[in-house]
Protein chains: 2
Amino acid sequence: MADTKSAVGRLYLREEELRQVIELLFFAYRDFTSDLDAILRSCRFGRAHHRVIHFVGRHPGISVADLLGILRITKQSLSRVLNQLIAGGYISQRPDANDRRRRMLALTEKGRELERRLSAPQQARVARAFREAGAEAVEGYRRVLTGLIDDENRAAILRLIGRP
Amino acid sequence: MADTKSAVGRLYLREEELRQVIELLFFAYRDFTSDLDAILRSCRFGRAHHRVIHFVGRHPGISVADLLGILRITKQSLSRVLNQLIAGGYISQRPDANDRRRRMLALTEKGRELERRLSAPQQARVARAFREAGAEAVEGYRRVLTGLIDDENRAAILRLIGRP
DNA sequence: CAAGATAAGTCAACATGGCTGACACAAAGT
DNA sequence: ACTTTGTGTCAGCCATGTTGACTTATCTTG
């Protein structure tokens, strides 16, 4: 009897804990992504543009196909925002010397400047969270978030973000 | 000279670290939210419906205004999905006895069943990440994510998810 | 070399889920 | 009685995702 009750109690607590973690992810992501909307609106861009700016900035010379693999959207969705960014002079394209079908994407100087403006508030937010939480907590954060990623993607993502 | 170089080096590492954390959040959120799409499609619902189901499930009797405060969307956006959920028999409404303008929202039995189906894969994913990362890491995860939340919202959110 | 595969681009149509603005109505507070 | 508040609704717009079909250039392979 006592066993059953305690087991139920622990299950309940466990589920509560899981829910907290899920909701924390929702709220943190919500606030985290809301930082940039003001800056983006001033360029008539949205969050999709930001994601492209971010990943092209991080991986200069990235191909369209690789970018699609990161963002997990269709070519058609990407092309809309990418064309706007190219037309606006934020991103440049040039054929890969080894395979001239591939277009290497990179930020222009204008693009880098926008990238800096966009990443600054997010980096400040993360830096603050780091200071408050401490280095150990950061390591825990990384371990848990890494565990949340799909198995099939994990290795590729860790390679991508440079944590081998 | 050496000082400058080392300072620059540390700044660079620091920025790298910040970027890793930012990208980890992106990828984890991406995979985490993709779990449910198949189930949702079978009900002709989207992620917006899931968020409503989730928070109404967690807070039975919640008012429309409070739900809007959590989701941070407009009344008009919410009403679209909420009406579909009510029409489908997933959510019930009844006036609050104390203030009959307020409509208390709650899941019906059908809604609870859907909620269970939706939360199961996410809870499994989080539980797996917990096991792999360990309890300490989970505490670190919580501390960092809590730090990412806007100051103005933090207290309210911690109260909401039950971590006073 | 010819044939097929691959990378990229494009057009068209559609779905989802945000937004603003304007307005209506019932209930509560003064 | 008048105002404020909580909710609902209509109408339209925008951002960003989707599918499907097709083209073009280039690389790879039998």
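Sort through A:70, A:53, A:86 and tell me the only one that's of a type in the set (Val, Ile, Thr), within 16 Å of DNA strand D (Cβ to nearest atom) and in contact with a Ser or Thr (Cβ under 8 Å, 6 or more places away or on another chain).
Values: A:70 fails: in contact with a Ser or Thr (Cβ under 8 Å, 6 or more places away or on another chain); A:53 fails: in contact with a Ser or Thr (Cβ under 8 Å, 6 or more places away or on another chain).
Unique residue meeting the criteria: A:86.
Checked against the criterion of being open to solvent by 30 Å² or more (accessible area, probe 1.4 Å) and within 14 Å of chain B (Cβ to nearest Cβ), the stretch A:82-103 has no qualifying residue.
With respect to the conditions (1) open to solvent by less than 50 Å² (accessible area, probe 1.4 Å); (2) more than 16 Å from DNA strand D (Cβ to nearest atom), residue A:139 lacks only one, and its number is (1). Scanning the stretch B:115-131 finds no residues that are under 30 Å from residue A:136 (Cβ atoms), at the interface with chain A (Cβ under 9 Å from one of its Cβ atoms), at pLDDT 95 or above and touching a Gly at 6+ places or on another chain (Cβ under 7 Å).
The values are calculated or read from the model by the stated rules, or taken from the named source; none is laboratory data. Predicted model, so just to flag it, every value in this text is computed and none were measured. Neighbour counts run over all protein chains shown; Cβ positions are idealised from the backbone, glycine included. Only protein heavy atoms, including side chains, enter the accessible area calculation; ligands, DNA and RNA are left aside. Shrake-Rupley method; radii C 1.70, N 1.55, O 1.52, S 1.80 Å.
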